[in-house]
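Here the structure is laid out as structure tokens; the discussion comes afterwards.
The values are calculated or read from the model by the stated rules, or taken from the named source; none is laboratory data. Remember, it's a predicted structure, so these values are computed and weren't measured experimentally. Every residue, glycine among them, receives a Cβ derived from its backbone with ideal geometry; neighbour counts consider all protein chains shown. The area values use the complete protein model at the heavy-atom level, side chains included, leaving out ligands, DNA and RNA. Shrake-Rupley method; radii C 1.70, N 1.55, O 1.52, S 1.80 Å.
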Amino acid sequence: LSFIIFICYIASLATSFMMAPLLEFLLALFLLFAYASKLNEKFKGLYWPLMDFLRCVTAAIIYFAISIAAVSKYNDGASKAAGVFGFIATIVYAIDFYITFNDLVKFLKQGSSDSPEERKSE
């Protein structure tokens, strides 16, 4: 979806917005590569679902903002298409960060289930 939005912005008058979908597409490719090559198991210092959560939150906000600007400011068809795809991407990223947020809450509850007495004895 990010790549389609990138192509639409290249073909439109709103070429100044093309950097956001390009960066989001490259970040998605990096995370796909990281999970496929099991980098997340090698680098235990990073909490990968938190990185994915932050990426989804920022992507949803940025896509929403540039979609509003592209639809309201530019009149060509490619800008309107990029704006519509941007709104769809906003919804997709919002659903993704909701699902990822639920995983983060489960992780944090799991980490806080240790009683204080057990921590004192260690």
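Name the one entry in ILE61, ILE66 that is open to solvent by 30 Å² or more (accessible area, probe 1.4 Å), hydrophobic (A, V, I, L, M, F, W, C) and in a helix (DSSP H, G or I). Walk me through it before giving the result.
On the way: ILE66 fails: open to solvent by 30 Å² or more (accessible area, probe 1.4 Å).
Result of the check over ILE61, ILE66: ILE61.
Just one of the listed residues (LEU54, LEU26) is at pLDDT 90 or above, surrounded by fewer than 16 Cβ atoms within 10 Å (Cβ to Cβ) and part of a helix (DSSP H, G or I), namely LEU26. Under 9 Å between Cβ atoms, at least 6 apart or on separate chains: pull out the pairs that start in the range 82-94 with a residue that is surrounded by fewer than 22 Cβ atoms within 10 Å (Cβ to Cβ) and end on any residue that is outside any helix (DSSP H, G or I). Between residues of the range 82-94 that are surrounded by fewer than 22 Cβ atoms within 10 Å (Cβ to Cβ) and residues that are outside any helix (DSSP H, G or I), the close pairs are ILE88/LEU1; VAL92/LEU1. Within the range 64-122, the residues that satisfy the criterion of being farther than 16 Å from ASP52 by Cα, modelled with pLDDT of 80 or more and of a type in the set (S, T, N, Q) are SER67, SER72, ASN75, SER79.
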